[in-house]
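Laboratory data are not the source of any read-out in this text; all were calculated from the coordinates shown. Owing to the predicted nature of the structure, the values given are computational and were not obtained by experimental measurement. Neighbour counts are summed over all protein chains in view; Cβ atoms, including those assigned to glycine, are modelled from backbone coordinates with ideal geometry.
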Amino acid sequence: MAMGSSRALLILSNFKFKPTLPFASSSLKPFPPFIRNNFRTRNFSAKTSSSLPPPDLPRLAETARISLAPNEVEEFAPKIRRVVGWFGQLQAVDLDNVEPAIRADTEGDNLREDVPETFENKEALMASVPSYKEPYIKVPKVLNKE
Amino acid sequence: MLSTIQPPRYLSRFPLRRRTKCRSLHILSSAEPATKTSLTDQSQILSIRDLLLSRQLSAVELTHSYLDRLKQTEPHIKCFLHVSDPDKVLKQAQEIDDKIKRNEEVGPLAGIPVAIKDNICTADMPSTGGSHILEGYRPPFDATAVKRLKDLGAIVVGKTNLDEFGMGSTTEASAFKVTANPWDLSRVPGGSSGGSAASVSARQCVVSLGSDTGGSVRQPASFCGVVGLKPTYGRVSRFGLMAYASSLDVIGCFGSSVADTGILLHSISGYDSLDATSSKREVPDFTSQFTSASSLQSRPLEGLRVGLIRETVDAGVDSGVKSAIQGAAAHLEQLGCILKEVSLPSFSLGLPAYYILASSESSSNLSRYDGVRYGNQASSDELNALYEESRAKGFGSEVKMRILMGTYALSAGYYDAYYKRAQQVRTIIRKSFKAALDENDILISPAAPSAAYKIGEKKNDPLAMYAGDIMTVNVNLAGLPALVLPCGFVEGGDVGLPVGLQMIGAAFDEEKLLKVGHIFEQTLEGYNFVPPLISNAAFT
C-alpha cells in the first residue's frame with residue numbers, strides 16, 4: 001500500500017486540524033476527508049497553545065530512567081515530535097461534559113478479599129534476581145548524593 | 001466472486017492428510033470421514049481427538065508429524081523464539097498414549113500441539129516478551145491461560161516471536177528475529193502476534209495464543225490467512241500476560257478454523273482470582289452451536305442484522321481489500337443477513353486516543369523492568385545509572401519511544417490535555433459502538449486497510465505503521481469481542497495474499513460471532529487458505 005494512502009487515515013480534516021496546533025509539524029499536510037462527522041470542534045485559546053511546550057527529550061529520558069545515546073536523541077526527536085503533534089488533534093474535539101472512561105468497563109471489579117497469600121515457589125522467584133546476597137537484593141549505594 | 005485472485009486448490013483444508021512420509025499420515029489418509037462435511041472435518045482439534053480415541057493415530061505420531069513440519073519450515077519463517085525440547089514434548093505425548101491405552105480419561109485438548117506468544121509466561125520455559133531486557137528469563141509460574149491449556153492436555157511446542165512487549169504491527173520490532181509471512185517470505189506476518197499467526201498458518205501447531213492490545217491478534221490473522229479472535233475485555237484472565245496497556249490488553253486465540261478457535265477460547269475463558277478484571281460471568285459452551293455444513297438450511301442466517309462500518313471502507317483503504325470485504329458482505333446477504341451501512345462518526349478519533357492511552361500505560365507498566373528484580377542488569381556504581389543503563393541496553397527503539405511519548409503525555413500539567421481527553425474519547429467510542437450494536441447483531445469491517453506489506457516497508461515511519469491499526473483499535477477501546485476470518489485474496493506474492501473480515505459483537509457475545517463465522521466459513525467456496533509453502537513438495 002502506498003504511504004500516502006495510509007497517511008490519509010491519520011488526519012481528520014473534518015476536525016479542522018490546524019497547522020497552528022502546538023506541535024503541528026510541517027510534514028503533516030491536510031488530506032482529503034476520511035470521515036464525515038458531526039463532531040463540534042472548539043476554538044483554540046492562546047493559553048492552550050502556550051501551556052503545552054513540545055517534548056524536551058533529555059528531560060523525558062531522565063524522568064523515564066532511560067539513558068539515550070546522542071544518535072538516539074537525533075533519531076527519536078523528530079519522530080516523537082511528529083507523533084505528539086498528531087496526538088494534539090484531540091485538542092480540537094469538543095469533549096465538554098464527557099466523562100472519561102478508565103477502561104472499557106465491560107464489567108465491574110471483582111476484587112478478592114484483602115488477605116495475604118503465600119506464593120509457593122519462592123525460591124524460583126528469587127532465582128530471577130540478577131544480584132542477590134541472602135537475604136538481600138543487592139543494588140549500588142543509594143545514599144551517595146548530598 | 002469475492003476477489004480477482006483465486007489460488008489453485010492444491011490442498012485439502014486438513015493439511016495432515018496430504019503428507020505421506022510419516023506412518024501416522026497414512027493412517028490419517030485412511031481415516032477420511034465418510035461425509036465430507038462432518039463436524040470433525042471442520043476442526044482439527046475434534047478430528048485429532050477422534051483419531052486418538054479410536055486408536056487410529058497415536059499422540060506420539062501426531063507430535064512427530066508436527067515437529068517434523070516445524071523443523072522443515074522454521075528456518076524459512078522463523079516463528080519461534082524458543083522451541084520446546086522434542087524429548088520432553090514426545091514424553092508428554094507418550095503419557096497421553098499410555099492413558100488412552102489404559103482407557104483413562106484424557107482432556108479435550110489431549111495431545112494438541114499449541115504455540116504461545118512469548119509475552120505470555122510459561123513456567124520453566126524462556127519468556128522474553130521479545131525483549132533483550134528479559135533474555136534468559138524463566139518465570140516461576142504459568143499464565144492462567146497456559147495453565148488451563150496444559151490441564152486440558154495440550155502440549156506447548158514453543159514460544160512465538162512478537163514485536164517487543166507487543167509494541168508494533170509487523171513483528172519486526174522483536175529484539176531477536178524477523179518473522180516472515182508464510183504466503184510470501186518477503187512480507188511481514190503482521191503483529192504484534194506475528195509468530196503465533198504464522199505458526200498456525202504454516203501448520204507448525206494446531207492453535208496458538210496471542211495477545212491483542214490494539215489489533216495484535218486480528219491484523220496478523222488477516223495477513224496470514226488464519227482465524228483470530230479477540231475476546232471481550234474480562235473474558236480471559238490476563239494473569240501471566242506481560243502488561244503493556246492494562247486497560248486494553250487481552251489474550252486472544254488463533255486457529256485454522258472457526259471451530260478450533262472457539263474451542264481454544266472456551267478452554268481459556270472464565271473467572272480467575274488472580275486477575276481482578278476477569279469476569280465472573282458464566283462461559284457458554286461456544287462449541288455446542290457448530291453445525292455441519294450438510295445440515296445447514298439454504299439461508300441459515302435469515303434476519304441477522306449486519307452493519308458494515310462505512311468509515312472502514314472509505315478513503316485510504318486498499319481497493320483489493322475493499323472489494324474482498326464487499327464480496328464477503330454479499331456472501332452474508334446470500335446467507336440471509338440484512339446488510340446495512342452504519343456510520344461511527346468517532347471512528348478515526350480512536351487512533352490517536354488509542355496511541356495516547358497505550359503509550360501512557362506502557363510508560364507506567366514497563367517501569368517494572370529496572371534490572372533489579374529480574375531480567376538483565378547493567379553494571380553501575382550508582383542506583384539511577386543502573387536503572388538508566390539497564391533500560392537503555394534492554395529496550396529497543398520502538399519501546400523507548402513509546403515510553404518517552406507516554407511519559408510526556410502523563411507529565412504534570414499535560415495529563416488533562418492528553419490522557420484525560422483520550423479517556424473521554426473512549427467514552428464517546430463506547431457509546432457509538434453500543435448504539436450501532438443495539439441496531440445490528442454484528443458489525444463488519446476489514447481487519448486491516450491492506451494485505452501484508454513488504455518487510456522494512458514501514459519500519460522508519462511510525463505514523464504510517466500506526467495508521468494500519470485504524471480498523472482494530474476502536475474495538476479495544478470499547479472492550480468488545482471481534483473475530484477475524486479469511487474471506488478472500490488480493491494480488492501479491494505467488495498466489496495472492498489473504499484478506500481478513502472482522503466481525504465485531506456486543507460485549508460477552510463471542511457465541512454469536514463464532515456461530516456466524518462458522519457458517520460463513522463453511523459456505524465460502526473456492527478458496528484455500530493453506531499457504532503454498534506448506535503444500536510445496538519440499539515440505540511434504
Candidate set: region B:54-85, residues that are part of a helix (DSSP H, G or I) and among the basic types (Lys, Arg); chosen: the one surrounded by the most Cβ atoms within 10 Å (Cβ to Cβ): B:ARG69
Residue satisfying all of: in region B:359-374; of a type outside the set (Ser, Thr, Tyr) and either more than 7 Å from every other protein chain (Cβ to nearest Cβ) or part of a helix (DSSP H, G or I) (or both); surrounded by the most Cβ atoms within 10 Å (Cβ to Cβ) among these: B:LEU366
Tally of residues being farther than 24 Å from B:TYR408 by Cβ and within 32 Å of the chain's Cα centre (by Cα) across region A:95-113: 12
Enumeration of residues in region B:289-313 that are within 10 Å of another protein chain (Cβ to nearest Cβ) and surrounded by fewer than 19 Cβ atoms within 10 Å (Cβ to Cβ): B:ARG310
Qualifying residue in region B:410-420 (condition: among the polar types (S, T, N, Q), over 16 Å from B:SER360 (Cβ atoms) and either out of contact with any helix residue (DSSP H, G or I) (no Cβ under 6 Å at 6 or more places or on another chain) or surrounded by fewer than 24 Cβ atoms within 10 Å (Cβ to Cβ) (or both)): no
All positions within region B:399-419 that are more than 7 Å from chain A (Cβ to nearest Cβ), under 29 Å from the mean Cα position of the chain (by Cα) and within 18 Å of A:GLY85 (Cβ to Cβ): B:ARG402, B:GLY406, B:TYR419
Whichever residue in region B:385-398 is at the interface with chain A (Cβ under 7 Å from one of its Cβ atoms) and under 13 Å from A:VAL139 (Cα atoms) and, among such residues, is surrounded by the fewest Cβ atoms within 10 Å (Cβ to Cβ): B:LEU386
Cross-chain or 6+ apart pairs with Cβ under 6 Å, region B:370-381 first and aromatic (Phe, Trp, Tyr), then in a loop (DSSP other than H, G, I, E, B): B:TYR374/A:SER128; B:TYR374/B:TYR137
So B:VAL495, is it surrounded by fewer than 24 Cβ atoms within 10 Å (Cβ to Cβ) and more than 13 Å from chain A (Cβ to nearest Cβ): yes
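Rundown of residues vs (1) more than 8 Å from chain B (Cβ to nearest Cβ); (2) assigned to a loop (DSSP other than H, G, I, E, B); (3) more than 25 Å from B:ARG426 (Cβ to Cβ), yes/no style:
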residue	(1), (2), (3)
A:ARG59	yes, no, yes
A:ILE66	no, yes, yes
A:ARG82	no, no, no
A:PRO116	yes, yes, yes
A:VAL129	no, yes, yes
A:LYS141	no, yes, yes
Candidate set from region B:508-540 (those that are away from chain A (no Cβ under 14 Å) and of a type in the set (Phe, Trp, Tyr)); member that is surrounded by the fewest Cβ atoms within 10 Å (Cβ to Cβ): B:PHE539
Cβ pairs under 7 Å, 6+ apart, first in region B:264-276 and in a helix (DSSP H, G or I), second acidic (Asp, Glu): B:LEU265/B:GLU510; B:HIS266/B:ASP285
Per-region count, region B:206-224, residues in a strand (DSSP E or B), in contact with a Gly (Cβ under 7 Å, 6 or more places away or on another chain) and closer than 17 Å to B:ASP249 by Cα: 3
Every residue from region B:150-176 that is assigned to a helix (DSSP H, G or I) and crowded, with 24+ Cβ neighbours inside 10 Å: B:GLU164, B:PHE165, B:GLY166
Matching option when the condition is within 18 Å of B:ASP212 (Cα to Cα) and either of a type in the set (Ser, Thr, Tyr) or at the interface with another protein chain (Cβ under 7 Å from one of its Cβ atoms) (or both), among B:GLY468, B:GLY505, B:GLY500: B:GLY468
Count - residues of region B:379-398 that are part of a loop (DSSP other than H, G, I, E, B) and within 34 Å of the chain's Cα centre (by Cα): 2
Residue that is free of Cβ contacts under 8 Å to residues at least 24 places away in the same chain and either assigned to a loop (DSSP other than H, G, I, E, B) or touching a His at 6+ places or on another chain (Cβ under 6 Å) (or both), where the choices are B:PRO126, B:PRO189, B:PRO140: B:PRO140
Given (1) closer than 30 Å to B:ILE428 by Cα; (2) part of a loop (DSSP other than H, G, I, E, B); (3) at the interface with another protein chain (Cβ under 9 Å from one of its Cβ atoms), number of the condition A:ASN97 does not satisfy: (3)
B:SER380 being surrounded by fewer than 24 Cβ atoms within 10 Å (Cβ to Cβ) and within 7 Å of another protein chain (Cβ to nearest Cβ): yes
Residue in region B:101-108 that is over 23 Å from B:VAL178 (Cα atoms), touching a helix residue (DSSP H, G or I) at 6+ places or on another chain (Cβ under 7 Å) and part of a helix (DSSP H, G or I) present: no
Candidates B:ILE356, B:ILE325 - the one that is more than 11 Å from chain A (Cβ to nearest Cβ), in a helix (DSSP H, G or I) and of a type outside the set (D, E, K, R): B:ILE325
Lone unmet requirement of (1) at the interface with chain A (Cβ under 7 Å from one of its Cβ atoms); (2) not in a helix (DSSP H, G or I) for B:ARG426: (2)
Of the criteria (1) among the basic types (Lys, Arg); (2) in a helix (DSSP H, G or I); (3) more than 13 Å from every other protein chain (Cβ to nearest Cβ), which one B:LYS340 fails: (2)
Candidate set from region B:430-446 (those that are within 14 Å of chain A (Cβ to nearest Cβ) and surrounded by 24 or more Cβ atoms within 10 Å (Cβ to Cβ)); member that is farthest from the chain's Cα centre (by Cα): B:PHE433
